[in-house]
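A.B. asks: Please see the structure below; I have some questions.
The values are calculated or read from the model by the stated rules, or taken from the named source; none is laboratory data. Note that this is a predicted model, so its numbers are computed, not measured. Using ideal geometry, Cβ is built from the backbone for each residue, glycine included, and neighbour counts are taken over all protein chains shown.
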Amino acid sequence: MVTIKKILCPVDFFPASDAAVNYAAGLAANYDAEIHLLHVITPIAAGAFEYAYDTTEMMKSLEEASAQEMDELAAKVKIAGVVVAKELRVGDIYLEIKAAVEDIKPDLIVMGTHGRRGVERWFMGSTTEKLLRHSPVPLVTISAMGERAFNMPRFRRILVTTDFSDGTPDALAYAFSLAQENESQVTLMHVLHDISADLSGKYRDSLINGLRRQLDDMVPAEARNWCDIVTRVETGVPYRIILRTIEDERPDLLVMNIHGKGMLDRALLGSTAERVVRAASCPVMMIPPIKRKLKRRARPGGVRAAV
């Protein structure tokens with residue numbers, strides 16, 4: 001089963017990261033986990049302004065304001081009955097998050113994305129791209145959805161997308177473990193790109209039927225004991241089909257693997273994963289290769305289901 005005892009939650013005090021803290025708090029309450037809040041302050045370069053400024057005083061002011069913001073976030077998390085630690089770091093944002101992962105060894109990273117606006121300074125820039133490529137633990141991205149209460153995350157409907165790359169079994173293991181905990185409905189979907197599907201009728205049908213059989217074969221037999229499973233093959237531009245499916249079916253969680261096909265080359269990241277993360281209206285869980293094997297076993301209904 002999925003074990004979540006430590007959650008790292010990088011914050012930048014924008015609404016999306018507030019939503020991420022709310023989501024992380026709900027997960028922590030469900031799994032009896034602790035949250036580590038992290039804020040990274042980028043150093044102010046001397047000579048960055050036209051006129052002379054005392055950057056030391058400016059940094060001191062930034063640190064004091066950030067510390068106050070962190071205290072307020074931590075207080076809200078504590079109200080939910082969750083153990084919380086907070087940390088301020090100064091430096092390069094990605095490098096400091098990476099160092100925090102090495103120091104804290106979280107089971108999960110939960111972070112906000114600025115979504116469709118996509119203009120904020122760090123979550124949809126190089127930091128997120130690097131984390132999508134290199135995160136050693138599952139990464140959940142949350143958009144600013146306007147929800148401010150510490151609600152328990154729901155996993156009644158889980159959408160899993162696969163490109164049949166090497167990382168797919170890891171994503172499936174995580175998704176079905178979550179499904180077992182919550183008796184979820186799982187949709188396993190592959191999107192055949194329009195270009196790949198440009199075949200004549202009988203060959204196209206044969207290809208799609210073969211892909212559907214591949215999806216069915218990937219479902220562990222015992223998984224059908226604890227959740228409803230649907231397999232789907234769609235054709236089109238992958239990120240557009242995934243986003244349309246999210247809007248149509250309103251899953252509670254999208255699960256994707258983030259390492260595969262040569263460690264997820266830049267073209268794939270730019271055209272599919274990153275675009276999905278930017279625009280998804282539901283939380284997106286990105287799964288890297290899982291070093292330890294997740295054990296799945298059927299359990300009777302009513303197992304700590306999120307409501």
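A.B. asks: With Asp107, Asp92 as the choices, which residue is out of contact with any strand residue (DSSP E or B) (no Cβ under 6 Å at 6 or more places or on another chain), surrounded by fewer than 18 Cβ atoms within 10 Å (Cβ to Cβ) and either at pLDDT 95 or above or not aliphatic (A, V, I, L, M) (or both)?
C.D. replies: Exactly one of Asp107, Asp92 is out of contact with any strand residue (DSSP E or B) (no Cβ under 6 Å at 6 or more places or on another chain), surrounded by fewer than 18 Cβ atoms within 10 Å (Cβ to Cβ) and either at pLDDT 95 or above or not aliphatic (A, V, I, L, M) (or both), namely Asp92.
A.B. asks: Which residues, taken from segment 236-250, are touching a residue at least 24 places away in the same chain (Cβ under 8 Å) and either surrounded by fewer than 17 Cβ atoms within 10 Å (Cβ to Cβ) or of a type in the set (D, E, K, R) (or both)?
C.D. replies: Passing the criteria: Gly236, Val237, Glu247, Glu249, Arg250.
A.B. asks: Ok, one more. Give the residue that is modelled with the highest pLDDT, with candidates limited to residues of segment 5-63 that are assigned to a loop (DSSP other than H, G, I, E, B), under 17 Å from Gly81 (Cβ atoms) and not aliphatic (A, V, I, L, M).
C.D. replies: Looking at residues that are assigned to a loop (DSSP other than H, G, I, E, B), under 17 Å from Gly81 (Cβ atoms) and not aliphatic (A, V, I, L, M), I get Lys5.
A.B. asks: Could I ask something else about it? Say we look at segment 207-234 and pick out the residues that are assigned to a helix (DSSP H, G or I), polar (S, T, N, Q) and at pLDDT 85 or above; which of these is farthest from the chain's Cα centre (by Cα)?
C.D. replies: Out of the qualifying residues, it is Asn209.
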